Amino acid sequence: LAVTGNDSGSGTFTIAAPNSNTDRTLNLPDEAGTVLSSGTPLSSFPSGFANGITEAQMWRLNTTVTVGSTESFLTAWEVVDSSFYQTIGTGLTRSSSIFSFPSTGIYYIAWHGRIHYNSSAQKYLFMELQLTTDNDFSSTNFTISAPIQGGYTSDSYSNLAASALFKISDISNEKFRFRVRSESANTNLQGHTNQSNTGFTVLKLGEI
């Protein structure tokens, strides 16, 4: 066992034994590497190490969208950019209405919406999360719905919320988007560039 000093350093490093009457054996790995300590920053740990949440991001609708009886897909998204907010990790990528995951893993997605009814004719609005498993929403997808029933009087408001847990094993083919539809064209899904009236949060909870 060879210990190589550093010619530029003047400090003395001491390996101290604990106050123990039991023999202990420390097995060194048969490979090169760097010793990690309690003072090592989390960013230096291997990505597979259980070092907490490695991906977290919030998105919001940045403008109000009028929702009709024909299904449509939300595209007016932005990453929350308020001064107190911080993305963890790489974050999602988006192409129009379709979101892609940054890496495989177990993901939790929670979404919410604020609805404004402009007349008394409406009875519902759906904001649904669709996930495709083959990069083709027309052939293979499943939907988790967050329906709201209300709007029996004009100029009224409702809120919706839903969440889901996904195992993402193929980031090239497993993607998601949000579909909306209402009973009438006089329904608004509220958005704002400085307020998260409608939006979602995505967390990567672990590896698979």
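Looking at the range 181-198, which of its residues are surrounded by fewer than 22 Cβ atoms within 10 Å (Cβ to Cβ) and part of a strand (DSSP E or B)? Outline the logic, then answer.
Step one: filter the range 181-198 for residues surrounded by fewer than 22 Cβ atoms within 10 Å (Cβ to Cβ), giving 181, 183-186, 188, 190, 192-197.
Correct list: R181, N188.
What do you reckon, is Y117 of a type in the set (S, T, Y) and at pLDDT 85 or above? Quick ask: steps written out before the conclusion?
On the way: of a type in the set (S, T, Y): yes; at pLDDT 85 or above: no.
Criteria not met by Y117.
So for the range 27-35 (the condition being open to solvent by less than 70 Å² (accessible area, probe 1.4 Å) and modelled with pLDDT of 85 or more), does at least one residue qualify? Before the answer, list the steps.
Of all residues in the range 27-35, those open to solvent by less than 70 Å² (accessible area, probe 1.4 Å) come to none.
Within the range 27-35 (the criterion being open to solvent by less than 70 Å² (accessible area, probe 1.4 Å) and modelled with pLDDT of 85 or more), the answer is no, since none of the residues qualifies.
Here's the yes/no breakdown for (1) open to solvent by 40 Å² or more (accessible area, probe 1.4 Å); (2) over 14 Å from H192 (Cβ atoms); (3) at pLDDT below 80:
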{"residue": "S37", "(1), (2), (3)": "yes, yes, no"}
{"residue": "P41", "(1), (2), (3)": "yes, yes, yes"}
{"residue": "P46", "(1), (2), (3)": "yes, yes, yes"}
{"residue": "A50", "(1), (2), (3)": "yes, yes, yes"}
{"residue": "N62", "(1), (2), (3)": "yes, no, no"}
{"residue": "T75", "(1), (2), (3)": "yes, yes, no"}
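Working only within the range 79-102, note down all residues that are touching a Gly at 6+ places or on another chain (Cβ under 9 Å) and open to solvent by less than 30 Å² (accessible area, probe 1.4 Å).
Listed by number, the list holds a single entry, V80.
Quick one: would you say F137 is modelled with pLDDT of 80 or more and in a loop (DSSP other than H, G, I, E, B)? Explain how you work it out, then say what you get.
Values: modelled with pLDDT of 80 or more: yes; in a loop (DSSP other than H, G, I, E, B): yes.
So F137 fits the description; yes.
The values are calculated or read from the model by the stated rules, or taken from the named source; none is laboratory data. Since the structure is predicted, the reported quantities are computational estimates derived from the model, not experimental observations. Note that we place each Cβ from the backbone using ideal geometry, even for glycine, and neighbour counts take in every protein chain shown. Protein only, heavy atoms only, side chains kept; ligands, DNA and RNA dropped before computing areas. Shrake-Rupley method; radii C 1.70, N 1.55, O 1.52, S 1.80 Å.
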